[in-house]
Amino acid sequence: MNIKIDVPDGISNDWRIESFNVPKNDISQVFSLMKTGRGVPPGDYKRLKRNGTLVMSNAPDEIRDFIRFVYRAKGNVLVNGLGLGVLLKALLNKKEVISVTVIEKSKDVINLVADTYLKDKRVTIINADAFEYKPAKDAYFDAVWHDIWDYITADNLPEMKKLTRKYGRKASYQESWCRAQCELAEKRSKNNRFRW
């Protein structure tokens, strides 16, 4: 699946959005796929970097990570983490989505990305930390997505669990980016501790 986004390239302090192309026959992508199971097929994409570190892109692997959530999402949706807005665009393509509230900690990311999506009246973007943001007492979300982490690691699980608890009574459905992979990494780590 491919989701084209209209976010312009740009720089805001430590953050950068840039277009990139993966040419046909890029052997590094073949090796990446073999080594990690994740890679980028040939094509044109956008990526978001912080201090030169890749945070996200609109490559198929990123989209695959949230496609089940998009399929189930409807009504009022809350998203923790704006990124490039790839998930946001997918949600806005659904008539069943009434509103999307996005919580984004980085004002620089908002500066780079928000204008592309605020044209849609269903979108509200709030500059706040996902852990500190307090929704209205009567707020209720049909779906909540948590995606504030740069890496797939078991170290993210405590924060994922904390956010899931935070919205436990305020949401019908929740998911976190790559949670299953993080849980698998934790399980593998625990299993390796007991080997002699």
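When you go through LYS137, LYS161, LYS170 one by one, which is the residue that is at pLDDT 90 or above and either under 29 Å from ASN93 (Cβ atoms) or touching a Ser or Thr at 6+ places or on another chain (Cβ under 8 Å) (or both)?
Of the residues listed, the single one that is at pLDDT 90 or above and either under 29 Å from ASN93 (Cβ atoms) or touching a Ser or Thr at 6+ places or on another chain (Cβ under 8 Å) (or both) is LYS170.
Answer yes if at least one residue in region 151-165 is closer than 17 Å to ARG72 by Cβ and either among the hydroxyl-bearing types (Ser, Thr, Tyr) or out of contact with any Lys or Arg (no Cβ under 8 Å at 6 or more places or on another chain) (or both), and no otherwise. Among the residues of region 151-165, at least one is closer than 17 Å to ARG72 by Cβ and either among the hydroxyl-bearing types (Ser, Thr, Tyr) or out of contact with any Lys or Arg (no Cβ under 8 Å at 6 or more places or on another chain) (or both), which makes the answer yes. With respect to LYS107, determine if the residue is at pLDDT 95 or above and of a type in the set (Lys, Arg). Against the criterion (at pLDDT 95 or above and of a type in the set (Lys, Arg)), LYS107 qualifies.
Candidates ASP138, ASP129, ASP147: the one that is more than 17 Å from GLU62 (Cβ to Cβ) and within 19 Å of the chain's Cα centre (by Cα) is ASP129. Exactly one residue among LYS121, LYS161 is assigned to a loop (DSSP other than H, G, I, E, B), over 24 Å from ARG50 (Cβ atoms) and assigned by TED's automatic domain parsing to the domain that holds VAL100, and that residue is LYS121. Among residues of region 97-121 being acidic (Asp, Glu) and touching a helix residue (DSSP H, G or I) at 6+ places or on another chain (Cβ under 7 Å), the one that is farthest from PHE131 (Cα to Cα) is ASP120. Would you confirm whether any residue within region 75-89 is touching an Asp or Glu at 6+ places or on another chain (Cβ under 6 Å), surrounded by fewer than 19 Cβ atoms within 10 Å (Cβ to Cβ), modelled with pLDDT of 95 or more and within 25 Å of ARG165 (Cα to Cα)? Yes, some residue in region 75-89 is touching an Asp or Glu at 6+ places or on another chain (Cβ under 6 Å), surrounded by fewer than 19 Cβ atoms within 10 Å (Cβ to Cβ), modelled with pLDDT of 95 or more and within 25 Å of ARG165 (Cα to Cα).
The values are calculated or read from the model by the stated rules, or taken from the named source; none is laboratory data. Quantities reported herein were computed from a predicted structural model and do not represent experimental measurements. Note: ideal-geometry Cβ built from the backbone for every residue, glycine included; neighbour counts use all protein chains shown.
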